[in-house]
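The structure under discussion appears below in the form of structure tokens.
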Amino acid sequence: MDKVCEKCDGTGWIPGESHGISAVTRCDCIFVERRDRIERSASIPPLYQTASLENFLLPKDNPVAARSLQSVMLNVRSYAREFPQTDKPGLLFVGEPGTGKTHLAVAAGRILMERGFECLFFDYQNLLDRIRSGYDAASGTSDREAYRTALDVEVLLLDDLGAHRTTDWVEDTVTSIITYRCNNRKALIATTNLPDVEAAAASGERGNLSPGGRDYRRTLGESIGMRARSRLFEMCRVIRMPAVEDYRIKKSRSL
Ligand SMILES: Nc1ncnc2c1ncn2[C@@H]1O[C@H](COP(=O)(O)OP(=O)(O)OP(=O)(O)O)[C@@H](O)[C@H]1O
Ligand SMILES: [Mg+2]
Ligand SMILES: [Zn+2]
């Protein structure tokens, strides 16, 4: 059991006096406790347990990229501080592998959790697997709940959107989750490394379509379906990651 708060004896209220009349005030511990509970149930993967804006570093060797990463960070910070009074209820990080999308998505989620919003991290592939196994008759209830949770949680962090074999079932499932959240103006913070012409245009870039040629990777629309993609753009501020070196490779070299 958690230690009982000494200030309020675990009641959440502190007795006191105001103008000679006894009165009680709320003890801070209830907010701290709620925040801890939210963080514990968010399922942030261990690798990103400490990811925040404070430990997101700007590349020293690439001032152009550093400047655009700085504006990405400002964008993330303002979204997370202003939510739900934001232009759009969600964020969509688009960019190449290892550019910090998941790190920043978690960083945004962390600020929201500190502000008391309930977040839940799901790896896209894993979410689909769990939903699918929920449909297979004999599985446990927790898997059945995966779908419901993905609809209902205040803030859904959906990592690596589109990284899955595309089938009608996948497309229908993603469309229904995104449509429900979009209709109910529920926050979705998603990341993807699939190319998307619109996402590139939104940032005034050509994006990752190779010059003069076409990108032979599957596009976001091909992967999740055009209806889900359309709603994603409606409900998310698109954050296009600048071209930086894959941080995983960079780090492995400096070790
Ligand atoms: N600018 C940065 N400063 C500090 N750590 C970083 C930075 N960019 C990435 N990282 C770290 O590098 C690793 C890879 O970053 P991350 O997982 O966010 O990349 P990603 O864009 O989500 O890649 P993928 O498309 O492969 O999922 C993580 O451990 C992350 O914390
Ligand atoms: Mg990622
Ligand atoms: Zn207390």
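Laboratory data are not the source of any read-out in this text; all were calculated from the coordinates shown. Given the structure is predicted, the values throughout are model-derived calculations rather than measurements. All Cβ positions, even for glycine, are placed from backbone atoms using ideal geometry, and neighbour counts span all protein chains on display.
Worth pointing out:
- Verdict on THR11 being within 16 Å of ligand 3 (Cβ to nearest atom), assigned to a loop (DSSP other than H, G, I, E, B) and either within 30 Å of SER230 (Cβ to Cβ) or hydroxyl-bearing (Ser, Thr, Tyr) (or both): yes
- Candidate set: the range 51-83, residues that are of a type in the set (Gly, Ala, Ser) and farther than 24 Å from PHE121 by Cα; chosen: the one nearest to the chain's Cα centre (by Cα): SER71
- Answer residue from the range 9-39, given it is touching a Ser or Thr at 6+ places or on another chain (Cβ under 9 Å) and surrounded by 12 or more Cβ atoms within 10 Å (Cβ to Cβ) and is nearest to MET113 (Cα to Cα) among those: CYS27
- Residues (within 16 Å of ligand 2 (Cβ to nearest atom) and of a type in the set (S, T, N, Q)) located in the range 17-49: SER43, GLN49
- LYS101 being exposed (fewer than 15 other Cβ atoms within 10 Å of the Cβ) and either in contact (Cβ under 8 Å) with a residue 40 or more places away in the chain or farther than 25 Å from ASP196 by Cβ (or both): no
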